[in-house]
1. Which of the residues spanning region B:1-32 are out of contact with any helix residue (DSSP H, G or I) (no Cβ under 7 Å at 6 or more places or on another chain), farther than 17 Å from residue A:177 by Cα and either at pLDDT 95 or above or assigned to a helix (DSSP H, G or I) (or both)?
2. Looking only at residues in region A:129-184 that are at the interface with chain B (Cβ under 10 Å from one of its Cβ atoms) and not in a helix (DSSP H, G or I), which one is surrounded by the fewest Cβ atoms within 10 Å (Cβ to Cβ)?
3. Only residues that are more than 13 Å from residue A:83 (Cα to Cα), surrounded by 15 or more Cβ atoms within 10 Å (Cβ to Cβ) and either within 8 Å of another protein chain (Cβ to nearest Cβ) or without any contact (Cβ under 8 Å) to a residue 40 or more places away in the chain (or both): list them for region A:54-67, please.
4. Given the condition under 30 Å from residue A:22 (Cα atoms) and either in a loop (DSSP other than H, G, I, E, B) or at pLDDT 85 or above (or both), answer yes or no: does some residue in region B:88-103 qualify?
5. Which one of these is in contact with a helix residue (DSSP H, G or I) (Cβ under 7 Å, 6 or more places away or on another chain) and more than 22 Å from residue B:78 (Cα to Cα): A:40, A:45?
6. For region B:33-74, name all the residues that are more than 9 Å from chain A (Cβ to nearest Cβ) and not in a loop (DSSP other than H, G, I, E, B).
7. Can you pull out every residue in region B:11-30 that is at the interface with chain A (Cβ under 8 Å from one of its Cβ atoms) and surrounded by fewer than 18 Cβ atoms within 10 Å (Cβ to Cβ)?
């Protein structure tokens, strides 16, 4: 894992010097994973591919913004993909097709595993998982619905049949408690 | 410092904005504002990175999904790494010519046409001056240099080619002249250009004359010795130029 991270860092450093071959290699190594993230949020293969394209264009154009002190290269890449995917689902006003599926927390029955039809297990960092488990169920679910699948506050509100202000409160308090837990 | 800016120095607000931004819960308008703010607010940028690092394990374990094979090509094209690929269905020569003929080129071509055609008409014209010049085309190469001036004369139905700039050829190569039709945009041959001649005079058949009357433009292509075997021009276009009906030009210039 560390070797892979070092490799990505070396590639991205070359990208920052304008090396297009390194950029192509970076794409080869990360595109499938990043496409999975885009798909997780857009729930549409075509949209996911569009998001991936937009993200890689932004990655090249803004490559000088990345600094190692801010985090791993993959974290930076994945964040750009997620933000473009959030923008896409907001712009298209499209909602996931599994609205009627019971949101079942982050476990081996999580919706993305069903969507992507894979047997992969979901492994979050232990600290994050532990802290998420310490939240109230509604808080945890709201945070995960937003982060993992790009649900807006309004959509979460609809899902829980609760006012938007309540959802805002769940998110705010949940994230606050999560931060305290992760910092402890 | 304004009250608005002070607001974004407040750690509680920064933390709130950063966390909500990272989980994608902010409305689009606020998201856009945060994206601008983070570029100039170090504390906000730091907090965003912190939250991204906390949540990234979700992304690292998200299953991979195969990418559309054309995705990378499109990224390269949009970033200008490569020239755009031609569409699956080959574009017509007329449409390619339309893209090539940008406004500056049109102006330049028009100017050159006027100048060279006049010279051609007054000096080079080997025919009887009573035979009116009907159509003319100035063909330019990729460097926008005049390569050839083609003139046709209505009464004698003759084509006169004035080779302005010679093109180096291998022994196994020839240049071929083509007419691009206005009607169906197809290219039809007017024959191989004889090598080593500055002025070529060719009698046109009735069929060839009809091609000239229906011409949009002329192109010269590089072909194998003897000309294109399949009756279609190769992709090696040496020069091209709009075919202008001289009566129109005369009317336009008076």
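1. B:3, B:4, B:5, B:6, B:29, B:30, B:32 - these are the residues of region B:1-32 that are out of contact with any helix residue (DSSP H, G or I) (no Cβ under 7 Å at 6 or more places or on another chain), farther than 17 Å from residue A:177 by Cα and either at pLDDT 95 or above or assigned to a helix (DSSP H, G or I) (or both).
2. Among those that are at the interface with chain B (Cβ under 10 Å from one of its Cβ atoms) and not in a helix (DSSP H, G or I), it is A:152.
3. Keep residues of region A:54-67 that are more than 13 Å from residue A:83 (Cα to Cα), which gives A:57, A:60-67.
Still in the running and surrounded by 15 or more Cβ atoms within 10 Å (Cβ to Cβ): A:57, A:60, A:63, A:65-66.
Across region A:54-67, the qualifying residues are A:57, A:60, A:65.
4. Step one: filter region B:88-103 for residues under 30 Å from residue A:22 (Cα atoms), giving B:88.
Narrowing the set further to residues that are either in a loop (DSSP other than H, G, I, E, B) or at pLDDT 85 or above (or both) leaves B:88.
For region B:88-103, residues under 30 Å from residue A:22 (Cα atoms) and either in a loop (DSSP other than H, G, I, E, B) or at pLDDT 85 or above (or both): present.
5. On the way: A:45 fails: more than 22 Å from residue B:78 (Cα to Cα).
Matching residue, one of A:40, A:45: A:40.
6. Narrowing region B:33-74 to residues more than 9 Å from chain A (Cβ to nearest Cβ): B:33-34, B:36-38, B:40-44, B:47, B:69, B:73.
Hits for region B:33-74 are B:33, B:34, B:36, B:37, B:42, B:43, B:44, B:47, B:73.
7. First, the residues of region B:11-30 that are at the interface with chain A (Cβ under 8 Å from one of its Cβ atoms): B:15-16, B:19-20, B:22-25, B:27-28.
Scanning region B:11-30 gives B:16, B:27, B:28.
The values are calculated or read from the model by the stated rules, or taken from the named source; none is laboratory data. Remember, it's a predicted structure, so these values are computed and weren't measured experimentally. Heads up, the Cβs are rebuilt from the backbone with ideal geometry, glycines too, and the neighbour counts pull from every protein chain shown.
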